[in-house]
């Protein structure tokens, strides 16, 4: 029986074999790794991953899809975690895991923030809406640079890997997609950053991104404090580096 894609789960199923091959190359699965796929759908990525790895874990909410996967694969090939990825504990007995998937666009950002709280995740490779990937990988002094950029890049090295056109899916979404890789940073100890304070500073700044930084953050910092952090008072939120935002969060 053909599965009808469900709007409420944001289902768009990959069907372009050449794109699927390129995505698997982006993931670059290696023997011995434990891979967890969020939202396997009709197994477009699951099947080639199992072919290469022998076994993977998947997280799926849709009971009908779970039934399809249970019929398609042997128990030793797949471990199905039935439930909502946003509520799931990804600590996986403290196993090192890699997380991959074609994330539903409506909840992709909350899922990434949820996953960013687990220290056993060594890498993530996701298909997302292209404009979200552009924002994640943005550099300062660009219009794409914003809260999402800072709150992910302070923890992860973010790389834009591949464009995926709408016609690669059934049904075709109304937006372009792209593949992004997020790997925890090792150049400094990001666990020392107070995420709550950083989020507060960054949210306040970007809530009024047209204003100068001295205006948008005037309730938090004096002009002198901003200058001491090497910040030009006339600059705007997108001109401030991640390091400068971290320094501001430390003096908050």
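In whole Å, what is the distance between the alpha-carbon centres of the range 141-157 and the range 233-252?
Spelled out, the Cα-based centre of one part sits 12 Å from the other.
With angles folded into 0 to 90 degrees, how steeply does helix 17-27 sit against the dominant principal axis of the chain? Use alpha carbons for both and round to 10.
50
Using a Gaussian network model of the chain with C-alpha springs under 10 Å, which one of 26, 229, 158 is most mobile by mean-square fluctuation?
For the chain, modelled as a Gaussian network with Cα springs under 10 Å, the answer is 229.
For the chain, find the longest principal axis of its Cα atoms and tell me its angle to the long axis of helix 195-207, 0 to 90°, nearest 10.
70
Using the alpha-carbon centroid of each, what span in Å lies between the range 166-184 and the range 56-131?
Cα centroid to Cα centroid, the span is 16 Å.
With the Cα gyration tensor of the range 84-224 giving a ≥ b ≥ c as the square roots of its eigenvalues, does the rule (a/c under 1.5 for rounded; else a/b larger than b/c for prolate; else oblate) give rounded, prolate or oblate? Provide the component values of the computation, followed by the final result.
Details: a/c = 2.15, a/b = 1.31, b/c = 1.63.
Oblate, because a/c is 1.5 or more while a/b does not exceed b/c.
To the nearest 0.05, what FRET efficiency results for residue 93 and residue 208 with a Förster distance of 41 Å applied to their C-beta separation? If you can, show how the numbers build up before the last one.
Working: r = 44 Å, r/R0 = 1.08.
E between residue 93 and residue 208, to the nearest 0.05, is 0.40.
Quick one: Kirkwood hydrodynamic radius for the range 75-141, alpha-carbon pairs, angstrom, one decimal?
Working: mean 1/r = 0.0742 Å⁻¹.
Computed over the range 75-141, the radius equals 13.5 Å.
Quick one: length gained pulling residue 30 to residue 67 fully straight, 0.36 nm per residue minus the C-alpha distance?
On the way: separation 37, 0.36 × 37 = 13.32 nm, distance 2.77 nm.
Going from the current span to full extension adds 10.6 nm.
To make sure I understand, if each residue's beta carbon is the centre and we count other beta carbons within 10 Å, what order do 147, 21 fall in, fewest to most? Before the final figure, lay out the partial values.
Working: 147 19, 21 11.
Exposure proxy ranking, most exposed first: 21, 147.
Given R₀ = 41 Å, what would the calculated FRET efficiency be for residue 228 paired with residue 17, taking r from the Cβ atoms and rounding to 0.05?
On the way: r = 56 Å, r/R0 = 1.37.
Here the calculated transfer efficiency is 0.15.
Given labels modelled 7 Å from the Cα in the Cβ direction, how far is it in nm from residue 86 to residue 170?
2.9
Where does each of 154, 160 land when they are ranked from fewest to most other beta-carbon atoms within 10 angstrom? Numbers along the way, then the final one.
Values: 154 20, 160 15.
Listing 154, 160 from fewest to most nearby Cβ atoms yields 160, 154.
If you average the sequence gap of Cα pairs under 8 Å that are 6 or more apart and divide by the length of the range 7-187, what percent do you get for the contact order?
Values: 308 pairs, mean separation 40.0, N = 181.
About 22 percent, as a whole number.
Values in this text are rule-based calculations from the coordinates and carry no lab data. Just so it is clear, the model here is predicted, and its values are computed rather than measured. A quick note on method: Cβ atoms are made from the backbone with ideal geometry, for glycine too, and the neighbour counts reach across all protein chains shown.
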